[in-house]
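Q: Let me begin by handing over the structure; questions about it come next.
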Ligand code: PHE
């Protein structure tokens, strides 16, 4: 390549580059120009550099010097253009800033309505002298059934009505590719179907008297509809002492209902059956229109006391279990509990 041709090419490149840099109107287009012209891999300057290799050795020193000067010129033009764009954008921003404008209000979240309800229920029962305890959501059959006087043949234990978990040996069999015949191996774990499990855990660990509530999630394979969901929350209450009667149970539930819903709430107890209470009642509430079933309750069955090592001749007690979603829905006039779990912000932000 002839020397004068090479020098002319470099001068042309430098002029064109300076013109494009000075015309660019924002930093991102300037950056793409930089890559196009100065880019280390395939920029225009890089391709021009290749001409240097084909140069007559005698011309090389001059050509190399001119190449370096051109590179410097282009880099300076780029730096000048960058400075021009950066200073104009910051003065533009500065001129737009108005300290008297109201600020942007940050979006602050809040607790889910069910969590809020749980906190309120804990408060109400706390004032009645009940302390709050927690229990595990994965349970064994003793706490979910046996100690609650629900024997092996009881329909509540049906695998179709519970979320049984695979046992370790079933998991091993499945991993080995063996067929697992449901129920053929031991399945001692399940997602608790009721919070009554916590009654057993508390009595196993503590001597009477007992006065606790426990609030948390329970699981049943129900099809979701307006009043059912495969996961929901219960509040469980247990009071054990000497000479506790059904009148105490009714009083506590009445006080609770009027504290939560208001003095105008009506509470109704219907005779019912639960294996772990005797007698048992169904608890309904009327507040506004219609009666709504809120849960079950009753006097602790002597068999339950025996299962935890209490003497049923010495102590008596009552227990109740109410649905948290139903309580919250009743209070706020919500007609479909599925709303609680859709995570639709338009619903949730109303609480
Ligand atoms: N565990 C019962 C249920 O889930 C409710 C209940 C609790 C009934 C305590 C009586 C006593 O349906």
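The values are calculated or read from the model by the stated rules, or taken from the named source; none is laboratory data. All values reported here derive from a predicted model rather than from experimental measurement. With ideal geometry, Cβ positions are generated from the backbone for all residues, glycine too; neighbour counts draw on all protein chains shown.
Q: Name the pairs: first residue in segment 189-203 and part of a strand (DSSP E or B), second residue within 13 Å of the ligand (Cβ to nearest atom), Cβ to Cβ under 8 Å, at least 6 apart or on different chains?
A: 189/139; 190/139; 190/144; 190/162; 191/139; 191/162; 191/218; 191/219
Q: Consider segment 231-247. How many of its residues are in contact (Cβ under 8 Å) with a residue 12 or more places away in the chain and away from the ligand (no atom under 14 Å from the Cβ)?
A: Number of matching residues: 4.
Q: Here's something else I'd like to know. Could you tell me which of the residues 305, 274 is under 16 Å from residue 150 (Cα atoms) and within 10 Å of the ligand (Cβ to nearest atom)?
A: 274
Yes or no, residue by residue, for (1) over 18 Å from residue 149 (Cβ atoms); (2) at pLDDT below 95; (3) out of contact with any helix residue (DSSP H, G or I) (no Cβ under 8 Å at 6 or more places or on another chain); (4) buried (at least 20 other Cβ atoms within 10 Å of the Cβ):
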position	(1), (2), (3), (4)
173	yes, yes, yes, no
176	yes, yes, yes, no
197	no, no, no, yes
205	yes, no, yes, no
211	yes, no, yes, no
232	yes, no, no, yes
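Q: Then there is this: Looking only at segment 308-340, which residues are farther than 20 Å from residue 205 by Cα and away from the ligand (no atom under 16 Å from the Cβ)?
A: Within segment 308-340, 328, 329, 330, 331, 332, 333, 334, 335, 336, 338, 339, 340 qualify.
Q: Just to be sure, is residue 293 out of contact with any helix residue (DSSP H, G or I) (no Cβ under 8 Å at 6 or more places or on another chain) and part of a strand (DSSP E or B)?
A: no
Q: All but one of (1) in a loop (DSSP other than H, G, I, E, B); (2) farther than 22 Å from residue 340 by Cβ; (3) within 14 Å of the ligand (Cβ to nearest atom) hold for residue 228; which doesn't?
A: (2)
Q: Consider residue 247 carefully, then state whether it is over 19 Å from residue 128 (Cα atoms) and part of a helix (DSSP H, G or I).
A: Taking the combined requirement at face value, the residue does not satisfy it.
Q: A further question on this structure: Does residue 343 fit the bill of being closer than 21 Å to residue 217 by Cβ, more than 10 Å from the ligand (Cβ to nearest atom) and either in contact with a strand residue (DSSP E or B) (Cβ under 9 Å, 6 or more places away or on another chain) or not in a strand (DSSP E or B) (or both)?
A: Spelling it out, residue 343 is indeed closer than 21 Å to residue 217 by Cβ, more than 10 Å from the ligand (Cβ to nearest atom) and either in contact with a strand residue (DSSP E or B) (Cβ under 9 Å, 6 or more places away or on another chain) or not in a strand (DSSP E or B) (or both).
Q: Report every pair of residues separated by at least 6 positions or lying on different chains whose Cβ atoms are under 8 Å apart, first residue within segment 326-344 and over 15 Å from residue 229 (Cα atoms), second in a helix (DSSP H, G or I).
A: 330/261; 331/117; 331/260; 331/261; 332/113
Q: Here is a further query. For the condition surrounded by 10 or more Cβ atoms within 10 Å (Cβ to Cβ) and under 19 Å from residue 1 (Cα atoms), what is the one hit in 63, 77?
A: 63
Q: Might you check whether a residue that is touching a strand residue (DSSP E or B) at 6+ places or on another chain (Cβ under 8 Å), on the phi < 0 side of the Ramachandran plot and surrounded by 11 or more Cβ atoms within 10 Å (Cβ to Cβ) occurs anywhere in segment 94-112? I'd like the intermediate steps shown before the answer.
A: Keep residues of segment 94-112 that are touching a strand residue (DSSP E or B) at 6+ places or on another chain (Cβ under 8 Å), which gives none.
No, there is no match, as no residue in segment 94-112 is touching a strand residue (DSSP E or B) at 6+ places or on another chain (Cβ under 8 Å), on the phi < 0 side of the Ramachandran plot and surrounded by 11 or more Cβ atoms within 10 Å (Cβ to Cβ).
Q: A follow-up question, please. Among the residues of segment 204-224, write down those that are within 13 Å of the ligand (Cβ to nearest atom) and either within 15 Å of residue 318 (Cα to Cα) or in a loop (DSSP other than H, G, I, E, B) (or both).
A: 212, 213, 214, 220, 222
Q: Let me ask another. Take the residues in segment 252-271 that are over 35 Å from the mean Cα position of the chain (by Cα) and within 16 Å of the ligand (Cβ to nearest atom), then tell me which one is farthest from residue 313 (Cα to Cα).
A: Filtering segment 252-271 for residues that are over 35 Å from the mean Cα position of the chain (by Cα) and within 16 Å of the ligand (Cβ to nearest atom), the one farthest from residue 313 (Cα to Cα) comes out as 268.
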